[in-house]
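The structure appears right after this line, and notes come after that.
The values are calculated or read from the model by the stated rules, or taken from the named source; none is laboratory data. Everything numeric in this text was worked out from a predicted model, so none of it was measured. Virtual Cβ from ideal backbone geometry, glycine too; neighbours counted across all protein chains shown.
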Amino acid sequence: MQFAPRVVRVAPEIVLTDEERDELTRLVRSKLTSVRLAQWARIVLLAADGKQTKTSPSSWAWDAFKRRAK
């Protein structure tokens, strides 16, 4: 059985200003932010750091954990 090649879409580069990055970081850390909004903000921050969709979200979380541990 042959499988079709997997098509990986590469998202365009995301460039954030310092103010946008600060606001997204605030949303991620806030206890008053909905879980869905915090996840969206975290994904945008990771994408702005160059993470691609071909990288699994669990590895994103591990990378973020390692950065915080430093």
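Tabulated values for the structure
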{"read-out": "Qualifying position, being exposed (fewer than 10 other Cβ atoms within 10 Å of the Cβ) and at pLDDT 65 or above, among GLU13, GLU23", "value": "GLU13"}
{"read-out": "Pair list, Cβ < 7 Å and 6+ apart or interchain, from segment 37-58 residues that are under 12 Å from GLU13 (Cα atoms) to residues that are assigned to a helix (DSSP H, G or I) and modelled with pLDDT under 70", "value": "LEU46/TRP60; LYS51/TRP60"}
{"read-out": "Yes/no for THR33 being outside any helix (DSSP H, G or I), at pLDDT 70 or above and surrounded by 10 or more Cβ atoms within 10 Å (Cβ to Cβ)", "value": "yes"}
